[in-house]
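Notes for the one structure printed next.
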């Protein structure tokens, strides 16, 4: 399985960072691949949680090469098993990230995370939301309600506990 972790690239809340790390560790324990957009913040902390626990991590970079990934976007290189350079920029790199993922886990977030969520929601992907992580994640249930797609809302799972959230996401995939 491939699980994309999306969220606030500027996320720096200590408690949420710890939970993001545990999400990555839990994903690694399932032998799933943790995917991200290659950015910092909560997705990167999840990436490090997986990588430090022998998990496979894949970044879908907006940059066309390593230089652009680092210099233009300010994204890290460490902690990834593989970085796929797309040259698509932001937000267009969100398409291959979400398309390739079997499921998505959201941690906080802003506009980019909302874009990733709507792509996943429209594609009927399972989306796990880390409750209490702030940002756009706080409003996802209301956004899904406004979209009036009950069959898609059933693909959403919520939990404030990182390990339980990963477990719920994987159970929903079955």
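The values are calculated or read from the model by the stated rules, or taken from the named source; none is laboratory data. No experiment lies behind these values; they were computed from the predicted model shown. Backbone-built Cβ (ideal geometry, glycine too); neighbour counts: all protein chains shown.
Key figures
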{"quantity": "Checking residue 74 against (1) farther than 24 Å from residue 16 by Cβ; (2) assigned to a loop (DSSP other than H, G, I, E, B); (3) out of contact with any helix residue (DSSP H, G or I) (no Cβ under 7 Å at 6 or more places or on another chain); (4) touching a residue at least 24 places away in the same chain (Cβ under 8 Å), the condition it does not meet", "calculated": "(1)"}
{"quantity": "Qualifying residue in the range 91-98 (condition: closer than 24 Å to residue 22 by Cβ, assigned to a loop (DSSP other than H, G, I, E, B), within 15 Å of the chain's Cα centre (by Cα) and modelled with pLDDT of 95 or more)", "calculated": "no"}
{"quantity": "Condition met for residue 79 (touching a strand residue (DSSP E or B) at 6+ places or on another chain (Cβ under 7 Å) and either buried (at least 17 other Cβ atoms within 10 Å of the Cβ) or more than 19 Å from residue 21 (Cβ to Cβ) (or both))", "calculated": "yes"}
{"quantity": "In the range 1-22, residue surrounded by the most Cβ atoms within 10 Å (Cβ to Cβ) [restricted to those that are out of contact with any strand residue (DSSP E or B) (no Cβ under 6 Å at 6 or more places or on another chain) and under 20 Å from residue 82 (Cα atoms)]", "calculated": "9"}
{"quantity": "Members of the range 116-137 found to be over 12 Å from the mean Cα position of the chain (by Cα), under 20 Å from residue 39 (Cβ atoms) and either surrounded by 23 or more Cβ atoms within 10 Å (Cβ to Cβ) or without any contact (Cβ under 8 Å) to a residue 60 or more places away in the chain (or both), listed by number", "calculated": "118, 119, 125, 133, 136"}
{"quantity": "Any hit, the range 138-159, residues being modelled with pLDDT of 95 or more and closer than 17 Å to residue 45 by Cβ", "calculated": "no"}
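Yes or no, residue by residue, for (1) under 21 Å from residue 133 (Cβ atoms); (2) part of a loop (DSSP other than H, G, I, E, B):
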| site | (1), (2) |
| --- | --- |
| 11 | yes, yes |
| 15 | yes, no |
| 54 | no, yes |
| 118 | yes, no |
